[in-house]
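A short worksheet on the structure shown next.
Computed from the coordinates by the stated procedures, all read-outs in this text should not be read as laboratory data. Fair warning: this is a prediction, and the values are worked out from it, not measured in the lab. Methodologically, a virtual Cβ is constructed for each residue, glycine included, from the backbone with ideal geometry; neighbour enumeration extends over all protein chains shown.
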Number of protein chains: 2
Amino acid sequence: MSKKKKKAVLLVSGGLDSATVLAMAKAQGYECYALSFDYGQKHNAELNAAKKITRLFGAVQHQTMKLDLNVFGGSALTDDDIEVPVAQTDDTGGIPVTYVPARNTIFLSMALAWAEVLNSDDIFIGVNAVDYSGYPDCRPEFIHAFESMANLATKVGVEGHHLKIHTPLINMSKAQIIQAGLEHAVDYSLTVSCYSADQQGRACGVCDSCQLRRKGFEEAGVADPTLYS
Amino acid sequence: MSKKKKKAVLLVSGGLDSATVLAMAKAQGYECYALSFDYGQKHNAELNAAKKITRLFGAVQHQTMKLDLNVFGGSALTDDDIEVPVAQTDDTGGIPVTYVPARNTIFLSMALAWAEVLNSDDIFIGVNAVDYSGYPDCRPEFIHAFESMANLATKVGVEGHHLKIHTPLINMSKAQIIQAGLEHAVDYSLTVSCYSADQQGRACGVCDSCQLRRKGFEEAGVADPTLYS
């Protein structure tokens, strides 16, 4: 790192992964600008979690942007006509119904806009290809393609900088992510992963996301601080 | 074209270019799904124009999505602290202050989400590299990079389709665009290009965008139907 602090834009959902990424970026000396989205997700308790997490790690700014993605429908996470499944993890491949169309493309595009205004060359996103391989927009090849596009889309490319999309978790298991977060003092009781969390952020314990998270704590060999309903 | 009508998602701003693209896509036999954005632009008379244009060409659906891009600031078109310049066309290169950070990336990402839900493999955007070469996100290399990324971002790529970003105007002059539109019966009096149009859609006649448009009609050798204030 140079002596002058570098600015980074981070996508912070309020979940376990993005909280870990925020802690990592902070430890690397970045000034953190956190971006969350109120996109019609049924589990909007995660937005309260995002507030707590960004406060805990002293983000310079935390913006929550309202995005009306449910005008397009098509996902169990935003569409009232599609139920969030109780569990789908052991399905035989295919794209889960909890996939939100083009979500990471949209979120990264917004981060890109903010990065451009801030003159930041660094965007962080907590995507993970190991546990979520069913989501096309969590794959390394997607991230690389987005980075190439981003460098042509904005002033950055024209001015000869290079904008980087950082994905520190992309090849980590959930257990490894938890271990890394604990080394950076992440308080996981503040985070919400559950697709059906109640307004107090208490997790259902049975949905895909809860199961992955619970298994992560088990495999990491640490107590699970999640608040279950 | 196959016998069954193909669906296309089109970005329709209400300006001259996107009206022409809509007419072209319609003439090619596409079922048109038009997408507009209320993104805090000062010239929101163009949204009324978008409504009239999509009605004229029988779009199957027209969505106007609210996007709070001015939370990021940084452009004369959305930021109250930056004035829309009277004219900047003959500047010595560089990126105009009317450039909105990552705008086309964001708009195309939204179109991508809708296309995915509709099972459409075709997105149309009226970018033009000739008259707007100062905007990095109007260049062919940006469009190609976005298309590559989009094919990795969504179900399309996983399912083996190919999503195409159509840019029929990219190498046309404003005069050529106008001539093409007139062949498809575009009523340009309905369109609004002016960055400072009043609520009735009347153009200032002096901003960058007005000058380009006026010159286009002159060079096309047709009467300019624009309503000036």
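Label point of A:GLU159 (7 Å along Cα→beta-carbon): distances to the other copies' equivalent points are 4.1 nm, sorted ascending.
Using a Förster distance of 22 angstrom, determine the FRET efficiency expected from the C-beta separation of B:LEU227 and B:ASP38, and round it to 0.05. The formula returns an efficiency of 0.50 here.
Cβ crowding within 10 Å ranks B:ASP198, A:ASP17 as B:ASP198, A:ASP17, fewest other Cβ atoms first. Counting neighbouring Cβ atoms within 10 Å and putting the fewest first, the residues A:ARG214, B:ARG213, B:ARG55 line up as B:ARG55, A:ARG214, B:ARG213. In terms of distances greater than 22 angstrom between alpha carbons, the cross-link table entries B:LYS6/B:LYS26; A:LYS174/B:LYS155; B:LYS26/B:LYS164 yield A:LYS174/B:LYS155.
On the basis of the beta-carbon distance and an R0 of 60 Å, B:GLN200 and A:GLU219 show a calculated FRET efficiency of 0.40. Using Cα centres only, tell me the gap between the range A:149-204 and the range B:148-181 in whole Å. Cα centroid to Cα centroid, the span is 31 Å.
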